[in-house]
1. Among the residues of segment 14-65, which ones are of a type in the set (A, V, I, L, M, F, W, C), closer than 27 Å to Glu82 by Cβ and touching a helix residue (DSSP H, G or I) at 6+ places or on another chain (Cβ under 8 Å)?
2. What helices (runs of 4 or more DSSP H) completely inside segment 1-111 contain at least 3 residues that are closer than 27 Å to Lys130 by Cα and touching a Phe, Trp or Tyr at 6+ places or on another chain (Cβ under 9 Å)?
3. Could you list all residues from segment 71-98 that are within 20 Å of Ala32 (Cβ to Cβ) and either among the aliphatic types (A, V, I, L, M) or touching a Ser or Thr at 6+ places or on another chain (Cβ under 6 Å) (or both)?
4. Is it the case that some residue within segment 115-125 is outside the structural domain of Ile44 (by TED's automatic domain parsing), assigned to a helix (DSSP H, G or I) and surrounded by fewer than 11 Cβ atoms within 10 Å (Cβ to Cβ)?
5. Please go through segment 18-45 and pick out each residue that is exposed (fewer than 14 other Cβ atoms within 10 Å of the Cβ) and either in contact (Cβ under 8 Å) with a residue 60 or more places away in the chain or in contact with a His (Cβ under 8 Å, 6 or more places away or on another chain) (or both).
6. Run Thr249 past the list (1) outside any helix (DSSP H, G or I); (2) touching a helix residue (DSSP H, G or I) at 6+ places or on another chain (Cβ under 8 Å) and report the number of the one that doesn't hold.
7. So which residues in segment 131-179 are free of Cβ contacts under 8 Å to residues at least 40 places away in the same chain, of a type in the set (A, V, I, L, M, F, W, C) and part of a loop (DSSP other than H, G, I, E, B)?
Amino acid sequence: MREFLDRERYDTQDLRRIIAILRSPGGCPWDAKQTHASIKKNFIEETYEVVEAINRGDDALLCEELGDVLLQVALHTQMASERGAFDWDSATDGICRKLIQRHPHVFGDTKVTGVENVLSNWDAIKRHSKGQGSATEAMASVPRELPALMRATKLQKKAAKEGFDWPGVDGALERLEEEIRELRGEIAAGDPAACRDELGDVLFSAVNVSRFLPDCDAEEALTAASDKFYTRFASVEKNAMAEGIDMKTASLEELDRLWDNAKNRIAKK
């Protein structure tokens, strides 16, 4: 395999050949034993690392992480090819056909007036091509494996397109407050299953509120809140250590004071 050593530059065809060699007899034992199921979480992790690179604005890291995603694509298509199911070219052919079909304003004679018109056409073409005759069928196509907040948003948006929606944020807020009251009631009753059910309703309703807020995505909002909590907690821990306070045995009043101090200090920066 010395032909692959010391190349000045590799291309997509090289990647496909390398993966085929790694999976073949005499190749890599680890690569050879992998299945679609065994590496599916790797694909998710690599995708999130791409998102991280985008958020950082790091082009070098983005290039590297996109390469890792290509590796996952190459592995899955090679596995499928070995089973005689489909290959890289089949997947490429499929996405090319889909892009052409869903852009009739570019590759056909359809006229559009703007982005909203494009998205409306895309959704209609997608539903037609997938044989989705109802909103319920369209909802069923939303993967259950998506992050929960993201899936909730997609389901709510599909329902909203059918007119099943609040006229504004006030209605969504009232439903959120109602769900919180119901959660309080179940907590008081002490039924774990009912509490879990009502908590789910609270979270789902909170996502509904986010849809009515400008430039607010529930998934990103929660990520930002988690970042904020991490930063404040780090400050609390640092100050507790400086004051000789054991957080595990500290009173609630002491912890509240440390938290408020951290909150105010960070807010002033």
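1. Filtering segment 14-65 down to residues of a type in the set (A, V, I, L, M, F, W, C) leaves 15, 18-22, 28, 30, 32, 37, 39, 43-44, 50-51, 53-54, 60-63.
Then drop every residue that is not closer than 27 Å to Glu82 by Cβ, which leaves 15, 18-22, 28, 30, 32, 37, 39, 43-44, 50.
Within segment 14-65, Leu15, Ile18, Ile19, Ala20, Leu22, Cys28, Ala32, Ile39, Phe43, Val50 qualify.
2. Numbers: elements: 12-23, 29-33, 40-56, 59-82, 88-101, 104-107.
Because the criterion is at least 3 residues that are closer than 27 Å to Lys130 by Cα and touching a Phe, Trp or Tyr at 6+ places or on another chain (Cβ under 9 Å), the helices (runs of 4 or more DSSP H) in segment 1-111 that meet it are 59-82, 88-101.
3. Leu71, Val73, Ala74, Leu75, Met79, Ala80, Ala85, Asp87, Trp88
4. Within segment 115-125, one or more residues are outside the structural domain of Ile44 (by TED's automatic domain parsing), assigned to a helix (DSSP H, G or I) and surrounded by fewer than 11 Cβ atoms within 10 Å (Cβ to Cβ).
5. If the condition is that a residue be exposed (fewer than 14 other Cβ atoms within 10 Å of the Cβ) and either in contact (Cβ under 8 Å) with a residue 60 or more places away in the chain or in contact with a His (Cβ under 8 Å, 6 or more places away or on another chain) (or both), then His36 is the only one that fits.
6. For Thr249, the failing item is (2).
7. Going through segment 131-179, the residues free of Cβ contacts under 8 Å to residues at least 40 places away in the same chain turn out to be 131-146, 151, 154-155, 158-159, 161-165, 167, 170-171, 173-179.
Those still in the list that are of a type in the set (A, V, I, L, M, F, W, C) too: 135, 138-140, 142, 146, 155, 159, 164, 173, 176.
Across segment 131-179, the qualifying residues are Val142, Leu146, Phe164.
This table checks each residue for (1) under 30 Å from Asp227 (Cβ atoms); (2) in contact with a Pro (Cβ under 7 Å, 6 or more places away or on another chain); (3) among the polar types (S, T, N, Q).
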position	(1), (2), (3)
Leu62	yes, no, no
Gly108	no, no, no
Thr113	no, no, yes
Lys130	no, no, no
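The values are calculated or read from the model by the stated rules, or taken from the named source; none is laboratory data. From a predicted model like this one, the values you see are computed outputs, not experimental measurements. Please note: Cβ atoms are built from the backbone with ideal geometry, for glycine as well, and neighbour counts cover all protein chains shown.
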